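The values are calculated or read from the model by the stated rules, or taken from the named source; none is laboratory data. Only a predicted model underlies this, so the values are computations on that prediction, with no experimental measurement involved. As a convention, Cβ positions derive from the backbone with ideal geometry for all residues, glycine included, and neighbour counts pool all protein chains shown. Heavy atoms of the whole protein, side chains included, go into the accessibility calculation; ligands, DNA and RNA do not. Shrake-Rupley method; radii C 1.70, N 1.55, O 1.52, S 1.80 Å.
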Amino acid sequence: AALKGGLRSQVSAALKEGRVTPTELCQRCLALIKSTKFLNAYITVAEETALKQARESEERYKRGQSLGILDGIPVAVKDNFNTAGIETTCASNMLKGYISPYNATVVQKLLDQGAVLLGKTNLDEFAMGSGSTDGVFGPVRNPWSYSKQYKEKSVPKSHSEDEDSNWVITGGSSGGSAAAVSSFTCFAALGSDTGGSTRNPAAHCGVVGLKPTYGLISRHGLIPLVNSMDVPGILTRCVDDAAVLLGSLAGHDPKDSTTIQDDFKPFELPNLTDVSKLSIGIPKEYHAPGLSSEILALWSKAADLFKNAGAKVVEVSLPHTRYSIVCYHVLCTAEVASNMARFDGLEYGHRSDKKESTESMYAATRREGFNDVVRGRILSGNYFLLKQNYEKYFVKALKVRRLIANDFVKVFRSGVDILLTPTTLSDAAPYMEFIQEDNRTRSAQDDILTQAANMAGLPAINVPTALSARGLPLGLQFIGRSFQEKQLLTVAKWFEKQVQFPVIQLEEVKRHDSSVFQHQKSASFS
């Protein structure tokens, strides 16, 4: 019972009062990781390190010197954040076996506050993808594929079709982190968000996914994809817990010149009772091609919910949205081409055995180390950056990016507080269906509703809202003003309370480990 509420009010209190110890909590999560191994959510499980950290936390609690709310809380980190002493692979052959000499700033901040690092989670190779299906360690399975809710609704097409081919994707590229939180194996996880890589899997896995304002959280130690858009993302089971994590991670970092200079004050979210002073914007351009009728109905229902509660709901226009996915593709691949140049086989990571010349070693290393998706993006990016194409593609895309960012500025200046949009076009696709299309096509479709917030550098959050007719999670996205995370999260918390998203009923885990699962039933930090 002590473990059924939010982190701030319940788990931290249970640890302080000794009703549960950090070691028990850690062992419980490690047992669940083992029993949900079939999900493939983790690349590396740091069992010994985690238990050592849990014991140290236990000693602090005994002495009455807890480091704060996160002390003793098991967390997971996407495998594109550097972790000292634990392998960092980016789910690529290029970095298999690479152990960083330092921690990413966000990882260090978690450890400094006593969090217990369970391991590193699976992703698309170098975070390039929207399904968590393209990493070298294999695809991540959505925990909802094994839920009572999904199984009751999904009827196999034939008797021979077993559940092994019936499972659905997690979304990506932070699919491992979303699956880890959704399946109760950790209490929070870090993802990265370049074009929606935290919010997309959060929507498909029925968890909260927060992309903070660009510059609010340090990128130091996050292996870069697109420097001008990358943001560390936060995945939790409720909005309050996302606020706790944000308070622990945000603020200036001298190692990252793009972080804000001002001090960030952690905040506790108020319980919003009156939404009559709020103005909610509904961008008409987000009624995108391919948007499912279920998502459209849910979006309308959510708008009505705000309207009936007294909020002002207005249709707004972000006219340059229709150019954003093309613009994003040009800028993303151009920065990828630049960032991937560091993987040459000389300093770290994989090195080919080809010894004929330095050039042949470079070429062979990159051919062996990168998959087709990464090589394709490098090729596109270098094409856009060629002397004859630079002005025509790259510079033009930068100008369009500014127009997209200005659209948001105009809407927020008009008095709108928060934008309400869908997060994804539909619920999670079955894996066998998802892999029929190539990565680039899928990413272009799946990023369409999320990447504009990255290009404008705005904070955005996915809130799990309802289950689809197939019994799978559907989420909606709230986009806020720059650095107004408190307002964004307060509105998201109000909405979360209204919709009462159901808790996943993991039949598979119960079968694997019923005793462990009994302690893990809450939708929040349980």
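Observations
- Filter pass, I435 being farther than 23 Å from S276 by Cβ, crowded, with 18+ Cβ neighbours inside 10 Å, at pLDDT 90 or above and aliphatic (A, V, I, L, M): no
- The listed residue being of a type in the set (G, A, S) and either surrounded by fewer than 18 Cβ atoms within 10 Å (Cβ to Cβ) or at pLDDT below 95 (or both), out of A523, A466: A523
- Qualifying residue in the range 405-425 (condition: among the hydroxyl-bearing types (S, T, Y), open to solvent by less than 10 Å² (accessible area, probe 1.4 Å), without any contact (Cβ under 8 Å) to a residue 60 or more places away in the chain and out of contact with any Asp or Glu (no Cβ under 7 Å at 6 or more places or on another chain)): no
- Look at the range 227-251: where a residue is over 17 Å from P74 (Cβ atoms) and a partner is part of a strand (DSSP E or B) and open to solvent by 10 Å² or more (accessible area, probe 1.4 Å), sitting 6+ places away or on another chain with Cβ atoms under 7 Å, you get D230/L222; P232/L222.
- Evaluation of K37 against (1) within 23 Å of the chain's Cα centre (by Cα); (2) in contact (Cβ under 8 Å) with a residue 24 or more places away in the chain (one fails), failing number: (2)
- Any hit, the range 267-277, residues being open to solvent by less than 60 Å² (accessible area, probe 1.4 Å) and either outside any loop (DSSP other than H, G, I, E, B) or within 16 Å of L110 (Cα to Cα) (or both): no
- Some residue of the range 234-242 being part of a helix (DSSP H, G or I) and more than 22 Å from the chain's Cα centre (by Cα): no
- Hey, L476 open to solvent by less than 30 Å² (accessible area, probe 1.4 Å), closer than 19 Å to I280 by Cβ and modelled with pLDDT of 95 or more or not: yes
- For the range 444-454, the candidate set comprises residues that are open to solvent by 10 Å² or more (accessible area, probe 1.4 Å) and of a type outside the set (G, A, S); within that set, the residue that is nearest to T333 (Cα to Cα) is D447.
- Evaluating M229 against the criteria (1) in a loop (DSSP other than H, G, I, E, B); (2) touching a strand residue (DSSP E or B) at 6+ places or on another chain (Cβ under 7 Å); (3) of a type outside the set (G, A, S) leaves one unmet condition, (2).
- Checking G172, G196, G131 one by one, the residue that is part of a loop (DSSP other than H, G, I, E, B), under 28 Å from L70 (Cβ atoms) and modelled with pLDDT under 95 is G172 and no other.
- All conditions but one from (1) in contact with a Lys or Arg (Cβ under 6 Å, 6 or more places away or on another chain); (2) outside any strand (DSSP E or B); (3) small (G, A, S) apply to G191; the one that does not is (2).
- Which numbered condition D263 fails, given (1) over 29 Å from L472 (Cα atoms); (2) open to solvent by less than 10 Å² (accessible area, probe 1.4 Å): (2)
- Residue match in the range 128-137 (condition: in contact with a Phe, Trp or Tyr (Cβ under 6 Å, 6 or more places away or on another chain) and among the small types (G, A, S)): yes
- Selection within the range 291-311 - in contact with a Leu (Cβ under 7 Å, 6 or more places away or on another chain) and open to solvent by 60 Å² or more (accessible area, probe 1.4 Å): E294
- Remark: pairs (first residue in the range 287-304, of a type in the set (A, V, I, L, M); second residue part of a helix (DSSP H, G or I); Cβ separation under 8 Å; 6+ apart in sequence or on different chains) = A302/F495; A302/V499.
- In the set (1) in contact with a strand residue (DSSP E or B) (Cβ under 7 Å, 6 or more places away or on another chain); (2) surrounded by fewer than 24 Cβ atoms within 10 Å (Cβ to Cβ), Y214 fails one condition alone, (2).
- Candidates D124, D79 - the one that is closer than 30 Å to Y328 by Cα, open to solvent by less than 20 Å² (accessible area, probe 1.4 Å) and touching a Cys at 6+ places or on another chain (Cβ under 8 Å): D79
- Close pairs from the range 340-360: first without any contact (Cβ under 8 Å) to a residue 60 or more places away in the chain and within 20 Å of V374 (Cβ to Cβ), partner hydroxyl-bearing (S, T, Y) and not in a loop (DSSP other than H, G, I, E, B), Cβ under 7 Å, at least 6 apart: D344/Y362; D344/T365; G345/Y362; G345/T365; R351/T365; S352/T365; K354/S360
- Here L489 meets each of (1) in a helix (DSSP H, G or I); (2) open to solvent by 10 Å² or more (accessible area, probe 1.4 Å); (3) modelled with pLDDT of 95 or more with one exception, condition (2).
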